[in-house]
Structures are given as C-alpha cells and as structure tokens.
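S.K.: First the structure, then my questions, so here it is.
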Amino acid sequence: MVSQGDGRTRPAVEPGGRKRCPVSRLRVWGGAVTHKSPLGTLVFSSLLAGIGLYWLGSLDKGSSALVALTAATIFGIGKTFLWPTMIGVTAEQFPRGGALLLSLMGGAGMLSVAIVLPLMGGRMDRLGPGAALQMVAGLGAILAVVFALMWLYFKSRGGYRAVHISDRGDAGRDKTAAAQLAY
C-alpha cells in the first residue's frame with residue numbers, strides 16, 4: 001500500500017498488474033521513441049545520466065532542494081532508459097546469444113559496479129562525495145561517445161535494424177533466402 005498524503009492509501013499495483021511508478025510510466029511513454037532509435041536513446045540517456053550526476057556532484061550546502069531534485073530527476077530520466085535499451089540492443093543484434101548473452105550482460109553490469117564502487121569510495125575519502133559523483137559522471141560521457149560511434153557505424157551500413165536468427169547465414173539456407181538477404 002502507498003500513502004496518498006491525505007490519510008488514504010491505495011495499492012502500489014493497480015488491478016490488472018500495472019504499477020504506479022514514475023519510472024514505469026516513463027518507460028511506457030518513451031517506448032515508442034526507443035523503438036524508433038535505440039542507439040539515439042542510448043546516446044541521449046548517457047548524456048542525461050552524466051549531466052545529472054555531474055550536477056549533483058557540484059551542488060554545495062547552500063543549494064536548494066529544488067535544484068537537487070531537478071539534478072536527480074535528470075539523472076533518473078537518463079538511467080531509466082539506459083539499461084533496458086542496452087539489453088534490447090544486445091538481444092536484437094545477437095539473437096542467438098539468448099538468455100546466456102543477456103545474463104553475461106547483467107554480469108558485466110555487476111562487475112562494473114564492483115570495480116567502480118571502491119574507486120568512488122577512495123575518491124570520496126580524499127575529495128568528498130561531490131567529486132566521486134563527478135568522476136562517475138565521466139562514464140556517462142564515455143558511454144555517449146561509444147554509443148554515438150555505434151550509431152555512426154550502423155548509419156554507414158544503412159541504419160540500425162534488428163537481426164533475425166534466419167539472417168545470420170545458416171548452412172542449410174536455400175538460395176531464395178540468400179537472395180532476399182542480399183538487399
């Protein structure tokens with residue numbers, strides 16, 4: 001149950017299973033944009049996440065709560081689309097990888113957390129929490145460059161398209177199927 005602020009409560013999940021969560025609503029609303037340009041979404045999300053983290057790291061004690069909330073919202077919007085879109089691009093570009101590849105992507109994400117957290121802690125001990133957030137914001141800029149290069153690569157090949165398992169060149173494929181793929 002979730003409090004509505006006036007003494008009443010409502011279920012956290014609506015009848016029919018739909019969650020009342022801003023992140024879920026953003027993902028539903030932004031799904032149409034993400035499906036049209038997943039790599040553009042990754043570039044934009046990386047930039048938003050990096051900008052939000054950098055802004056949060058640059059706040060001082062005199063900053064208002066509204067400014068902090070705005071910076072956190074920008075970061076939140078960026079990270080909302082980042083991970084699910086990365087998983088989607090991986091699934092679309094490497095369909096034969098299946099659950100194993102998606103699990104490896106999740107493992108790579110967890111490994112990156114295991115590497116970054118001690119670095120953040122050391123930076124926080126030396127320079128404070130703002131400097132640690134600004135350091136990690138640099139990763140958003142690096143990801144934006146990597147995703148922009150991927151976007152340019154796909155653009156040079158005629159645009160981003162999902163790969164279908166039958167597109168990968170099965171040995172038993174007949175000449176008709178090969179001719180259809182030649183376009």
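The values are calculated or read from the model by the stated rules, or taken from the named source; none is laboratory data. Fair warning: this is a prediction, and the values are worked out from it, not measured in the lab. All Cβ positions, even for glycine, are placed from backbone atoms using ideal geometry, and neighbour counts span all protein chains on display.
S.K.: Out of (1) more than 24 Å from Thr90 (Cβ to Cβ); (2) without any contact (Cβ under 8 Å) to a residue 12 or more places away in the chain, what's the single condition that is false for Ala131?
M.R.: (2)
S.K.: Out of Ala72, Ala65, I need the residue that is over 14 Å from Phe147 (Cβ atoms), among the hydrophobic types (A, V, I, L, M, F, W, C) and either loosely packed, with under 14 Cβ neighbours inside 10 Å or modelled with pLDDT under 70 (or both). Which one?
M.R.: On the way: Ala72 fails: either loosely packed, with under 14 Cβ neighbours inside 10 Å or modelled with pLDDT under 70 (or both).
That would be Ala65, the only listed residue that is over 14 Å from Phe147 (Cβ atoms), among the hydrophobic types (A, V, I, L, M, F, W, C) and either loosely packed, with under 14 Cβ neighbours inside 10 Å or modelled with pLDDT under 70 (or both).
S.K.: Look through Ile77, Ile51 and report the one residue that is within 10 Å of the chain's Cα centre (by Cα) and surrounded by fewer than 20 Cβ atoms within 10 Å (Cβ to Cβ). Spell out the reasoning first.
M.R.: Details: Ile51 fails: within 10 Å of the chain's Cα centre (by Cα).
The unique qualifying residue is Ile77.
S.K.: What is the number of the single condition among (1) under 15 Å from the mean Cα position of the chain (by Cα); (2) at pLDDT 90 or above; (3) crowded, with 20+ Cβ neighbours inside 10 Å that Leu56 does not meet?
M.R.: (1)
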